[in-house]
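These notes concern the structure reproduced below.
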Amino acid sequence: MKARSKRLMLVGGGVALLFAAVALVLSAFQQNLVFFHTPTEVSEGKAPTGKTFRIGGMVEDGSIQREADGVTVRFAITDTARVIPVTYKGTLPDLFKEGKGAVVQGRLEGGVFRATEVLAKHDENYMPPEAAHAVEQAQKAAQTLSQ
Amino acid sequence: MKAKFLVPLLLFFGLAGFLAFGLTLNPREVPSPLIDKPAPNFRLARLDQPEQTFALEEMRGQVWLLNVWASWCVACRQEHPVLVRMAAQKLVPVVGLNYKEVRGDGAISTRGMALEAETTMAIERARRWLADHGNPYLLSVLDIDGRVGIDFGVYGVPETFLIDREGRIRYKHIGPITPESLQTQIMPKVEELRRAG
Amino acid sequence: MIPELGHFALILALVLSLVQAVVPLVGAQRNSSALMAVGRPAAQGQFFFILFSYFCLTWAFIQSDFSVQLAATNSHSATPLMYKITGVWGNHEGSLLLWAMSLSLWTVAVTVFSRHLPDAFLARVLGVLGLVSAGFISFTLVTSNPFDRLLPAVAEGRDLNPLLQDPGMIIHPPLLYMGYVGFSVAFAFAIAALLSGRMDAAWARWSRPWTTIAWVFLTAGIAVGSGWAYYELGWGGWWFWDPVENASFMPWLLGTALMHSLAVTEKRGAFRSWTVLLAIGAFSLSLLGTFLVRSGVITSVHAFATDPRRGLYILALLVIVIGFSLLLYAMRANKLMGGGSFGLVSRETALLANNVLLTVASASVLLGTLYPLFLDALGLGKISVGPPYFEAVFVPLMTPVVVLMVFGPFLRWKDDELLAEVRRVAPAFVASVAIGVGSAWAVDHLTWRTALGLSLAAWVVLASLQLLVRRLGERAGASAGSRLRSITASWWGMWLAHFGIGIFIIGVTMVGSLDRHLDVKMKEGQHAELAGYTFVFRGAVDADGPNYDAARGRIELLRDGRSLDMLTPEKRVYLAQGMPMTEASLDIGVFRDVYVSLGEQLEDGAWIVSLYYKPFISWIWAGCVLMGLGGVFAAADRRYRHLAARDAAAAVGSRVAA
């Protein structure tokens, strides 16, 4: 084989590979990005139904309830403006507490958010940034309304 | 030098640009929606004399700081010496908002605890902490359930609000006050507000 | 007093690192052997002072000197001694000091083991390492001084984060840092070669053992970290694709590509430009990893460890180091062209293809890690990129890598006949697919993913065995012993590491397809069933430790009515921070782990218990051990020492001649 055509094949192979990789990454992004919404956005119907997304906020005081099986938990997550009821089956993270920040991932089903994953904050002072963001947004909205 | 050999360098600079931009997006520095708005009014029990209350409007006519703290907060311990030094130099009056003293502490379960019991415990803990570390506050008030904190948009401790003579929030400092932030951010704003009359 | 001594020692180390950076580089440029000779003692002196400084900091932790802020926030008088010592690096400031210390240790190793290198080359290597070291020590001193005092001292410390109070945490960070930082040696060799314009096989041969050893450390560090996450985080996952993990995985991928590229450069003189770029890239990703973890750009949950000033400092360091390297590369790259030519079907092509794939994989991890930041920066909303993205990208990219990985060694260097080789391995290939699909069917989990994973694993194992048989058959007529001896250590290293990947894939596939999980409420005497095992809850007792209170559950594990083990998961509350912690309990086996952790205690005295059945999960780490062992074999090849001795003789000869 001539050096020139060999080179052409190597370069061609490389370019084809690059395109394949880019296509792969794009389609993976398309299908697997998890968007984040605040409780206010969810109650305004801005969150997708039937698709996985995340909600951040604070666990409403006094909202944690366990069902008889012990492993199904109901609680509410709030950004201080709106409240979204959540159900979750499984063990909760160690730092999950009422009145503290949390992020839940799952889907909306009939007005209830069915969480598949519950993330709590990592240290005792701060909320996960997403939860803090939600509260901040709600404060901002409340402020605009009161004007 | 052939142009194609510069490609890695250019790619890297693009990435570095994004990272630099990312640095400016410090999630802690979200501007508070309350800036330049009247501070939410409150009336809360005082830590030193729980039978008496303190209300925001009592500070009217002064430029002052509202510092949110709790004995369980690690970072408060970090900023506390700065506050103590500030108080010794009488730079600016600081009112402490003791935030969720008991229920904020991960080690204590308040489930089934009566509010009075919680208050007693909060007073005891907060006083002991101030006795141990010094009390830089003009006075502190007790926000047992964190309601006032929520009104102020507090999402972590410590936070500090700068409030002007008319009772408007002019600046919000998130995280511990360092000698540097005091000198470069807080005090210049205090001076400015004082001059503004 | 001792903390001040430590601080002072660190300042002296910075001064020495600057000397080490500047003097030898100038000496190499002016060809002055007196100036070049400064590098070695400067590097060794720097190591001494950093070590001293490190001991001072450790002393503050051991003595519970809570007038040192770092000790006050990361230690406690009741913390066990082991965790006082490891607490030193369980935080931002201390881990930076550890970073600087590993860099210095690597530099000293270079001064000790590279006596055969030409003086000018060694001087440049030490100069580059000195520059990096100066950057990191000054970063530590300026933005993150570990010796800062807390006055007045507090009576009691806040204790080390309980998650880090674990044996895995004792060795994970030092291993990982040795790996991260180790790539700085390969980087320094590449930059020295660019500076000197000497980019030949000798350069590649000098870099190879260093790169391989760094890679071994990184492999071990990542494996230990993943093992730690598995048993410490309490829910049985072993890899989460979170930014901190990705930060260590990206340099690993590129480092793997670098090792292979260096092999081609040494043997055939080809890919020189590529090798240099990979050496720069692997080290850049190590620096970038440090930036991502330390600046808080991504994991901003770590509250006050995030200081924009720190991020800016590392970013500036990153831009200077990488920017200059890539600029230098752009200026010198046309000297790197050429080298041994090779045919389209050759071992070179196979290695090139795999290196491209590894680089693309590394880029896709980088993209996934940074994408939330990009979107946030452009104001397009907050998102998270989770494991599904990485898995969707990674499996298709790695499948050809694994197929080629064991096929490549069958090919000859330079040129080969594709058809002949394909015919040779075709039976193994067909058998692998059959075994893969068949065993997926046999375990009753016939999904394409399981079948693919098991086929790939079978392919690695079968093709590796065939390769071994072929290698042994090369010297017909020789005795078995002499045939075995004729195989070099580096060949065994290659073979073991590739075989390890097969074992690793079996573990990943089996645990990914067949693990079982059950959360259940249990009272004393109650039992639950999972994957053929019976779990009987025998109650919970108090089991307080030195710095925590705990409840210890007792769960009897039975199979077919026979008692196998008594599992004792714990729920701890660490006193100083009031932080609750879950300690899982494991029954470890060759073909499966049974994993139990305690959830919450309910008001009626019952507990939520999480039960997991994890088939073949230990194979994941067994595979990593084989990979690491392979690296050790490869680095220990006698050839490097022989050739080093020859280089040294040649260097002396040329010096005499000069």
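Can you pull the mean other chain C-beta count within 10 Å for peptide A:21-33?
6
With a 1.4 Å probe on protein heavy atoms only, work out how much accessible surface C and B bury together, total over both chains, in Å² to the nearest 100.
3200 Å²
Zone of B:Asp36 (label point 7 Å along Cα→Cβ, backbone N under 18 Å): which residues in segment B:154-188?
B:162-173
Name the shape class, rounded, prolate or oblate, that the alpha-carbon gyration tensor gives for segment C:516-618, where a ≥ b ≥ c are the square roots of its eigenvalues, rounded holds for a/c under 1.5, and otherwise prolate holds if a/b is larger than b/c and oblate otherwise. Present the calculation step by step, with values, prior to reporting the outcome.
Values: a/c = 2.10, a/b = 1.53, b/c = 1.37.
Since a/c reaches 1.5 and a/b is larger than b/c, the shape of segment C:516-618 is classed as prolate.
If you place +1 on the Cβ of every Lys and Arg, -1 on the Cβ of every Asp and Glu, and leave all else neutral, what size is the dipole of segment A:53-93 about its Cα centre, to the nearest 20 Debye? Don't skip to the answer; put the middle values down first.
Details: 5 positive and 5 negative charges, 28 e Å.
Its charge dipole is roughly 140 debye.
Using the beta-carbon distance between A:Phe19 and C:Val590 and R0 = 45 Å, what value does 1/(1 + (r/R0)^6) give for FRET efficiency, to the nearest 0.05?
0.55
Where in segment B:49-64 does the label zone of B:Ala131 land, with the point 7 angstrom along Cα→C-beta and an amide N cut-off under 20 Å?
What the label zone holds, given the 20 Å backbone N cut-off, is B:49-52.
In segment C:516-618, if the dipole is taken from +1 on Lys/Arg beta carbons and -1 on Asp/Glu beta carbons about the Cα centre, which of C:His517, C:Ile617, C:Met579 is farthest to the positive end?
Farthest along the dipole direction, towards plus: C:Ile617.
Helix hunt in chain B: which complete DSSP H runs extend at least 20 Å axially by C-alpha with mean Kyte-Doolittle at least 1.0?
The qualifying helices are B:7-24.
Which percentage, to the nearest 5, of the DSSP beta bridges contained in chain B is antiparallel?
60 percent
For chain C, give the percent of accessible area contributed by carbon and sulfur heavy atoms, probe 1.4 Å, rounded to a whole number. Could the numbers behind the result be given before it?
Values: 16260 of 24620 Å².
About 66 percent, which is the carbon plus sulfur part of the accessible surface.
With every protein chain left in place, what is the accessible area of B:Glu191 in Å² (1.4 Å probe, nearest 10)?
Accessible area of B:Glu191: about 80 Å².
Please list 3J(HN,Hα) in residue order for segment A:84-95, calculated via the Karplus relation 6.51 cos²θ - 1.76 cosθ + 1.60 where θ = phi - 60°; whole Hz, with x for glycine and proline.
10, x, 10, 10, 8, 10, x, 8, 8, x, 4, 9
What figure in square angstrom, to the nearest 10, would you give for the accessible area of C:Met510 with a 1.4 Å probe?
Surface open to solvent at C:Met510 totals about 20 Å².
Check which residues have an amide H placed less than 5 Å from C:Arg412's amide H, if you skip close sequence neighbours.
Distant-sequence amide H within range of C:Arg412: C:Arg347.
Could you tell me which of C:Thr447, C:His642, C:Leu163 has its Cα farthest along the dipole of chain C towards the positive end, charges placed at Cβ (Lys, Arg +1; Asp, Glu -1), taken about the Cα centre?
Of the options given, the answer is C:His642.
Quick check: from the Cα gyration tensor, does segment C:142-185 come out rounded (a/c under 1.5), prolate or oblate?
Oblate shape, in that a/c is at least 1.5 and b/c is the bigger or equal ratio.
Which percent, to the nearest 5, of DSSP beta bridges fully inside the protein assembly as shown are antiparallel?
85 percent
At 1.4 Å probe size, put C:Tyr180, C:Tyr83 in order of accessible surface, largest to smallest.
C:Tyr83, C:Tyr180
Residues of segment B:71-96 that become at least 20 Å² less accessible with every protein chain present than in their own chain isolated, using 1.4 Å: which are they?
Listed by number, the residues meeting the 20 Å² cut-off are B:Trp72, B:Val74, B:Ala75, B:Arg77, B:Gln78, B:Pro81.
Could you work out Rg/(2.2 N^0.38 Å) for the protein assembly as shown, with Rg from alpha carbons only?
1.01
Taking GluC sites (Glu not before Pro) as exposed when DSSP calls them loop (any state but H, G, I, E, B) and at most 10 other Cβ atoms lie within 10 Å, what is the longest stretch of chain C free of them, the sites themselves excluded?
Between the exposed loop sites, the longest stretch runs C:1-473.
Which residues, if any, in segment C:60-85 have at least 10 Å² less accessible area in the whole protein complex than in the isolated chain, probe 1.4 Å?
Flagged in segment C:60-85: C:Gln69, C:Thr73.
In the structure displayed, which of A:Lys46/B:Lys189; A:Lys100/C:Lys521; B:Lys4/C:Lys267; B:Lys37/C:Lys382; B:Lys90/C:Lys84 lie more than 32 Å apart, Cα to Cα?
Violating the 32 Å limit, Cα to Cα: A:Lys46/B:Lys189; B:Lys90/C:Lys84.
Within 10 Å, at most 14 other Cβ atoms, and a DSSP state outside H, G, I, E, B define an exposed site. Report the longest part of chain B free of exposed trypsin sites (Lys or Arg not before Pro).
B:112-197
Can you give me the relative contact order of chain C as a percent, contacts being Cα pairs under 8 Å and 6 or more apart? Walk me through the intermediate numbers first.
Details: 1165 pairs, mean separation 78.0, N = 658.
This gives 12 percent for chain C.
Any aspartates and glutamates with Cα under 12 Å of the C:Lys614 Cα? List them, leaving off those in the same chain fewer than 8 positions away.
Cross-link targets: C:Asp515, C:Asp587, C:Asp593.
What number comes out for accessible area per residue over the protein assembly as shown if the probe is 1.4 Å? Units Å², please.
For the protein assembly as shown, the per-residue accessible area is 41 Å².
Mind ranking C:Val319, C:Val108 by accessible surface for me, highest first, 1.4 Å probe?
These residues rank, largest area first, as C:Val319, C:Val108.
Using the Cα centre of the protein assembly as shown as the reference point, and only Cβ charges (+1 on K/R, -1 on D/E), how large is the resulting charge dipole? Debye, rounded to the nearest 20.
4800 debye
Go through C:Leu126, C:Leu70, C:Phe139 and say which Cα lies farthest out towards the positive end of the charge dipole of segment C:1-165; charges sit on Cβ, +1 for Lys and Arg, -1 for Asp and Glu.
C:Leu126
Tell me, what is the 1.4 Å probe accessible area of C:Met178, in Å² to the nearest 10?
Per-residue accessible area (C:Met178): approximately 30 Å².
When only DSSP loop residues count, what trypsin sites (Lys or Arg not before Pro) in segment C:516-615 have their Cβ near at most 13 other Cβ atoms within 10 Å?
Here the trypsin sites (Lys or Arg not before Pro) that fit, given the DSSP loop and packing criteria, are C:Lys523.
Treat every Asp and Glu Cβ in segment B:35-195 as -1 and every Lys and Arg Cβ as +1, leave all other atoms uncharged, and give the resulting dipole magnitude about the Cα centre to the nearest 20 debye.
Values: 21 positive and 21 negative charges, 58 e Å.
Roughly 280 debye, rounded to the nearest 20.
Once the convex hull of the C-alpha atoms of segment C:352-487 is built, how many Å³ does it hold per residue, rounded to a whole number? The partial results should precede the final answer.
On the way: hull volume 22.5 nm³, N = 136.
Measuring per residue, one finds 166 Å³ for the Cα hull of segment C:352-487.
Can you classify chain B as rounded, prolate or oblate using the Cα gyration tensor, where a ≥ b ≥ c are the square roots of its eigenvalues, rounded means a/c under 1.5, and otherwise it's prolate if a/b beats b/c and oblate if not?
Note, shape of chain B comes out prolate.
If C:Trp495, C:Trp99 are ordered by their accessible area, calculated over protein heavy atoms with a 1.4 Å probe, which sequence runs from highest to lowest?
Descending accessible area places them as C:Trp495, C:Trp99.
The values are calculated or read from the model by the stated rules, or taken from the named source; none is laboratory data. Keep in mind the model is a prediction, meaning the values are calculated, not measured. Cβ sites come from the backbone with ideal geometry, for glycine too, and all protein chains shown count toward neighbours. To get the accessible areas, we keep the full protein, side chains included, count just its heavy atoms, and leave off ligands, DNA and RNA. Shrake-Rupley method; radii C 1.70, N 1.55, O 1.52, S 1.80 Å.
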